[in-house]
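The block underneath contains the structure these notes are about, expressed in structure tokens.
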Amino acid sequence: MPHEKLTRMANQIATFFATQPGADQAERVAAHLKDFWGPEMRAELKAHAAEDDSDLAPLVKDAIPLI
């Protein structure tokens, strides 16, 4: 899957969880990615983040080490 699509989807997830109360939004994003994304998608997102994370939402960046 193209990294643009993965980035868009991850950023949408982060946008949702950013509106939720509590200080564990990054953990919730990571949990969502682990529950609903396949290992290949998570690996592609991690690889993209390691290469260039400038297009990722801050909450996604915080969640990456947790997935």
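Each reported figure results from applying straightforward, stated rules to the coordinates on display, with no laboratory input. Since the model is a prediction, treat every value here as computed from it, not as a measurement. Cβ sites come from the backbone with ideal geometry, for glycine too, and all protein chains shown count toward neighbours.
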For a label point 7 Å from the Cα of D52 along Cα→C-beta, name the residues of segment 1-23 whose backbone N is under 15 Å from it.
-> 2-8
Percentage relative contact order, segment 23-67, counting C-alpha pairs under 8 Å, at least six apart | 61
Taking the convex hull of Cα positions in the chain, its mean projected area over all directions (nm²) = 3.9
Here FRET efficiency (C-beta to C-beta, D35 to E4, R₀ 22 Å, nearest 0.05) is 0.45
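Go ahead and estimate [θ] at 222 nm for the chain from helices alone: -39,500 (n - 2.57) per DSSP H run with n ≥ 4, summed, over the residue count, rounded to 500.
One gets -21500 deg cm²/dmol as the mean residue ellipticity at 222 nm.
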Dipole in debye (nearest 20) - the chain, about Cα centre, beta carbon charges: Lys, Arg +1; Asp, Glu -1 | 180
